[in-house]
Structures are given as C-alpha cells and as structure tokens.
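Q: Here it is, the structure in full.
The values are calculated or read from the model by the stated rules, or taken from the named source; none is laboratory data. What you see is a predicted model, and the numbers here were worked out from it, not measured in a lab. Neighbour counts run over all protein chains shown; Cβ positions are idealised from the backbone, glycine included.
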Amino acid sequence: MEFMEVLGIRRSIRYFDPDRPVEREKIQKILEAMRVASCAMNAHWLRAIVVYRDELDDETLEALKLPVAGVIMELAPVHIYCYADLSVLQRDHGASPKQLIDVGALTPSHGWSHRFVDEFVWPQLLDPLSKSPEYPVAVAFDTGGAATQGLLMAYNEGLGACWTAFNFLVAKEAFDVPDDWIPHYVMNLGYPLESREAGGQRPRPPFEDLYSEGKVGNPFRRDEAVVAELEKANMIQAPAPLPDRKEEVRDLARKLGLPE
C-alpha cells in the first residue's frame, strides 16, 4: 500500500474477526517498525509485550479489561502492551549517543564528540533529565512515535488495530513487568470484520484551529490544491458517516452476538 494511503485508511478498528489468527511474521513487522523509529539520543525507551488472547485464562483476560475496552480486547486475537522503560538512561550512561557519533550520525561539525558526551551531555543533560519529574513526559513523546510506526505497519499488512487502556496492575503481575516500566496503551490487533473504510474518516477539528505559523493565533493557511492532491492519493478520504454505516454496525453486532 502507498504511504499516503496507509495514513488515510487508518481507523480505530473495533470489530475484529475473533477466530482468524494473525500471522507471526506480520507481528514481527509491526515490532520492526517500532524499532527503527526516531528516538532522542538513540535511547530506545519503548518496550512491547505481545500477548495472544487465547493463551490468557478467562480470569486474567477479564481482569485486564476496562469498561470502555472490554469488547475490543475480547475480539482482538493479539494484544501488544506498550511501555516506556525509564531505566534506559541510567543503564546507558551516554553510550547511545556515542554510538551515533561512531557511525557518523552525530558529527564534529555539530559539536559532537565522545568527550562532549562525557563532559556535558551526560552530566548536565541526560543524567538530570532521567531524575526529573518531567522525564516520563519527555519519554512518552518518543515512545508514542515509535508505537505509531508499528500501528501504521499493521494497516500496511492488511490488519486493523485499536489503542485502548488496560488494567496495568493486573498486567504487571501477569506479564512480569519491571517496576520502572511505565504503562502506555495496548494495541488490540487482528483482521477487521468492518469494511475497509469502517464508516469513513473520523471527525477532526478544522485545520487552522490546530496549526499556527510564526506565532499562536496566526493560523497556518490550508491550501486547497494540496488538499486535492492528498484526496487523489487517498490520504484524505470520505468523512464519516458513510451511507449504510448503521446497517453495517447492526449486522456486525448480530454476527458477533453483541448488543445492537
């Protein structure tokens, strides 16, 4: 699938085929996409635990669910629990940016050297950051970006996915999660029973309400020619609700034995 179409077809899929397994190689591709994502200082904070729904006992699955996500977790054959490992920097002590120096990604022309890492980057930036209350917020930006790359890979592979919250206390015990891992979300993964469009592209705020140019209050003006180009590339698609969406949801509920 072309890149812009992958962006455009992404939906939060909530109706999965509960009996169709996800191929292991597709799960690996999702994890590979997460692994190559950009991360500050080459510190890879994102950790993921792949869990197969049918390998969970009924009691654990029920305890993992939260009210808004219960049906989704029941239907999705695969759950990928995403965490941030906050211990990365303290274990690393500046080794990761040195790797970037050694391979020519961080260069002397930008002020980088092993000595710069030892005398400035580690003691004055990374070490204090890892002990700051703001540290989890900074880490979340990178882990979210990496997880999103995995999400988009899922759609490229013909799968559907939906991020949901989960009972992190139950997960911690069930999956032997270390104390310094911060829970994010679980990617519920499987083959969609919904149509590819899943009712249409979801509502979003107006473009100019979200993005500024130069300063806040000065909207970045949307060029309709660019919009037309993105529509042609299938990144901007027909908005929800599409005709017959209510009938589609009703039929899916009946097929799965869910409330209508």
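Q: From the list ARG20, ARG91, which one is farther than 22 Å from ALA146 by Cβ and basic (Lys, Arg)?
A: The conditions single out ARG20.
Q: All but one of (1) in a loop (DSSP other than H, G, I, E, B); (2) closer than 30 Å to LEU129 by Cβ; (3) β-branched (Val, Ile, Thr) hold for ILE30, so report the exception by its number.
A: Condition not satisfied by ILE30: (1).
Q: Looking at (1) at pLDDT below 95; (2) among the acidic types (Asp, Glu); (3) surrounded by 16 or more Cβ atoms within 10 Å (Cβ to Cβ), can you tell me which one GLU74 breaks?
A: (1)
Q: Here is a further query. When the residues of segment 10-47 are narrowed to those that are in contact with an Asp or Glu (Cβ under 8 Å, 6 or more places away or on another chain) and among the aliphatic types (A, V, I, L, M), which ends up nearest to ASP180 (Cα to Cα)?
A: LEU46
Q: Among the residues of segment 11-52, write down those that are buried (at least 20 other Cβ atoms within 10 Å of the Cβ), modelled with pLDDT of 95 or more and in contact with a helix residue (DSSP H, G or I) (Cβ under 6 Å, 6 or more places away or on another chain).
A: Within segment 11-52, ARG14, TYR15, PHE16, ILE30, ALA33, MET34, TRP45, LEU46 meet the criteria.
Q: Hey, among the residues in segment 159-190 that are among the acidic types (Asp, Glu) and closer than 20 Å to GLU55 by Cα, which one's surrounded by the most Cβ atoms within 10 Å (Cβ to Cβ)?
A: Selected residue: GLU173.
Q: With the condition kept exactly as written, say whether any residue in segment 228-235 is of a type in the set (A, V, I, L, M), touching a helix residue (DSSP H, G or I) at 6+ places or on another chain (Cβ under 6 Å) and in contact (Cβ under 8 Å) with a residue 40 or more places away in the chain.
A: yes
Q: Taking interchain pairs and intrachain pairs at least six residues apart, which have beta carbon atoms under 7 angstrom, with the first residue in segment 66-95 and in contact (Cβ under 8 Å) with a residue 12 or more places away in the chain and the second part of a helix (DSSP H, G or I) and among the aromatic types (Phe, Trp, Tyr)?
A: Close Cβ pairs satisfying both conditions: LEU86/TYR135; HIS93/TRP122; GLY94/TRP122.
Q: Surrounded by 12 or more Cβ atoms within 10 Å (Cβ to Cβ), outside any helix (DSSP H, G or I) and modelled with pLDDT of 95 or more: which single residue out of LEU252, LEU258 fits that description?
A: Result: LEU258 is the single residue among LEU252, LEU258 that is surrounded by 12 or more Cβ atoms within 10 Å (Cβ to Cβ), outside any helix (DSSP H, G or I) and modelled with pLDDT of 95 or more.
Q: Okay, moving on. Pairs needed: first member in segment 103-124, under 13 Å from MET41 (Cα atoms) and modelled with pLDDT under 95; second member anywhere, charged (D, E, K, R) and surrounded by 11 or more Cβ atoms within 10 Å (Cβ to Cβ); C-beta distance under 8 Å; at least 6 residues apart or different chains.
A: Close Cβ pairs satisfying both conditions: none exist.
Q: Hey, can you tell me all the residues within segment 226-239 that are closer than 20 Å to LEU152 by Cα and either touching a Lys or Arg at 6+ places or on another chain (Cβ under 6 Å) or acidic (Asp, Glu) (or both)?
A: Of everything in segment 226-239, just one residue is closer than 20 Å to LEU152 by Cα and either touching a Lys or Arg at 6+ places or on another chain (Cβ under 6 Å) or acidic (Asp, Glu) (or both), namely GLU231.
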